[in-house]
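Input: a single structure, listed below in structure tokens.
The values are calculated or read from the model by the stated rules, or taken from the named source; none is laboratory data. Keep in mind it's a predicted model, so treat the numbers as computed, not measured. Every residue, glycine as well, gets a Cβ built from its backbone with ideal geometry; the counts of neighbours run over all protein chains shown. Surface accessibility is based on the protein's heavy atoms, side chains included, excluding ligands, DNA and RNA. Shrake-Rupley method; radii C 1.70, N 1.55, O 1.52, S 1.80 Å.
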Amino acid sequence: MTDTKQFAETTQDQTLSIVRQGQDTVVKAVEAWSETVRQMVPASGKFYDESVLPEPRELVDEYFNFVEQWLSVQREFAHSVLNASAPALQAAAHAAQSTATTARKGAAKAKSA
């Protein structure tokens, strides 16, 4: 594994770990909030008309379905940008390689002179 790839994987692992810790903290805060609200709910237990509002789990699922679709579109976009820039990247890589070859040849000539 290359150092760059290993660095990227380590960084991603650390980032995901931090995100999970943050999420755990939020969940604990919501649990505490929920318990406080539960204790304050009127005896009827209703703040809203359930026939009008969707279930909270349904809202979460709808939100994450949308985010999954959005992320898929973003991935396609990123691939399209990479494909569109490929000729320029290839030309730059070729030019860099050519320059390096010329520099090596010049250094070798200077060394032998």
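Laid out as a table, the results:
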item: Point-charge dipole on Cβ atoms (K/R +1, D/E -1) for the chain, about Cα centre, debye to 20; result: 1340
item: Charge dipole of the chain about the Cα centre (unit charges at C-beta), most positive-ward option of ILE18, PRO56, SER112; result: SER112
item: Rotationally averaged projected area of the chain (alpha carbon convex hull; nm²); result: 13.3
item: Given the chain, longest segment not containing exposed loop chymotrypsin sites (Phe, Trp or Tyr not before Pro) (DSSP; at most 14 other Cβ within 10 Å); result: 49-113
item: Estimated inter-spin distance, VAL81 and MET40, nm [label 7 Å along Cα→Cβ]; result: 4.4
item: Heavy-atom surface of the stretch 58-98, accessible at 1.4 Å and reported per residue (Å²); result: 89
item: Charge dipole of the chain about the Cα centre (unit charges at C-beta), most positive-ward option of ALA88, VAL27, ASN65; result: ALA88
item: Helix-derived mean residue ellipticity, 222 nm - over the chain, DSSP H n ≥ 4, -39500 (n - 2.57), to 500; result: -31500 deg cm²/dmol
item: Stretch gain in nm, segment THR11-ALA91, where the contour uses 0.36 nm per residue and the Cα spacing is subtracted; result: 25.8 nm
item: Accessible surface of the chain [probe 1.4 Å, protein heavy atoms]: carbon and sulfur percent; result: 61
item: Using alpha-carbon coordinates, inclination of helix 56-112 to the longest axis of the chain, degrees; result: 10
item: Pairwise label distance in nanometres, ALA32 with VAL67, each label 7 Å out on the Cα-Cβ vector; result: 2.3
